[in-house]
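J.: Sending over a structure as structure tokens; questions will come in a sec.
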Amino acid sequence: MGNFDSLDNTFNITPEVIASPTEAIDKVNEAIKPLQKEFKKHKAITISDKSEDREKDYQHTRASLYNIADKMQEALDGALEVAQQSDHPRAYEVALAGAKSAAEVVEKLTDLHKKMKELEVQDVSVNATQNNNNSTTNNVFFSGSTEDMMKMIKDANKAENK
């Protein structure tokens, strides 16, 4: 009697018996194929500086990452099941690589939030800088001789008097 016989009886299912380690690896690779197609779909993404486009891109990227994470979880569950049934080291290796990839997707989602926060802070600071452009400038530095400065003052006075 195996580890999951009671669950098999409860859910009225019969476990799939895998004949060889090669067959187990093929099953894991088959479970991963939908994820590979999903990754290929999302390679060509353009980035825009407009805030409404940025928000739209953020929402799309976030939804895609959630979708990929969900599919990776399903594939990981299948890979773990295959690994447990076959008890082959390579099947476990593939399953663990899938788990690592799933963790990286979650990390990318966290990075996405950080980057959006940084962009929002940048937008606020750019707006504040634009609003402060009408302020007084102190400590202006002139690098030239006194003769050059006198000439500039005289030219400015002539321009004012005209």
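J.: For residue 149 and residue 11, calculate 0.36 nm times their separation in residues minus their Cα-Cα distance, and state this gained length in nm to one decimal.
T.: 40.4 nm
J.: Also, I was wondering about something else. If I take all pairs of Cα atoms in the range 21-129, what percentage of them are more than 25 Å from each other?
T.: Of the Cα pairs, 38 percent sit more than 25 Å apart.
J.: From the phi of every residue in the range 51-64, what ³J(HN,Hα) in whole Hz does the Karplus formula 6.51 cos²θ - 1.76 cosθ + 1.60 yield, where θ is phi - 60° and glycine or proline is x?
T.: 5, 5, 5, 4, 5, 4, 5, 4, 4, 5, 4, 4, 5, 5
J.: What net charge is computed for the residues neighbouring residue 59, neighbours being all others with C-beta under 13 Å from the C-beta of residue 59, Lys and Arg scored +1, Asp and Glu -1?
T.: -1
J.: Also, quick follow-up: Based only on other Cβ atoms within 10 Å, what is the fewest-to-most ordering of 66, 92?
T.: The most exposed by this proxy come first: 66, 92.
J.: Also, quick follow-up: Can you find, among 95, 82, 110, the residue farthest towards the positive end of the dipole of the range 21-129? Put +1 on the C-beta of Lys and Arg, -1 on that of Asp and Glu.
T.: The Cα lying farthest towards the positive end belongs to 110.
J.: Now, a different point. Counting only the backbone N, which residues of the range 86-125 are under 14 Å from the spot 7 Å out from the Cα of residue 62 toward its beta-carbon?
T.: 109-120
Each reported figure results from applying straightforward, stated rules to the coordinates on display, with no laboratory input. Just so it is clear, the structure is predicted and the values come from calculations on it, not from any experiment. Neighbour counts are summed over all protein chains in view; Cβ atoms, including those assigned to glycine, are modelled from backbone coordinates with ideal geometry.
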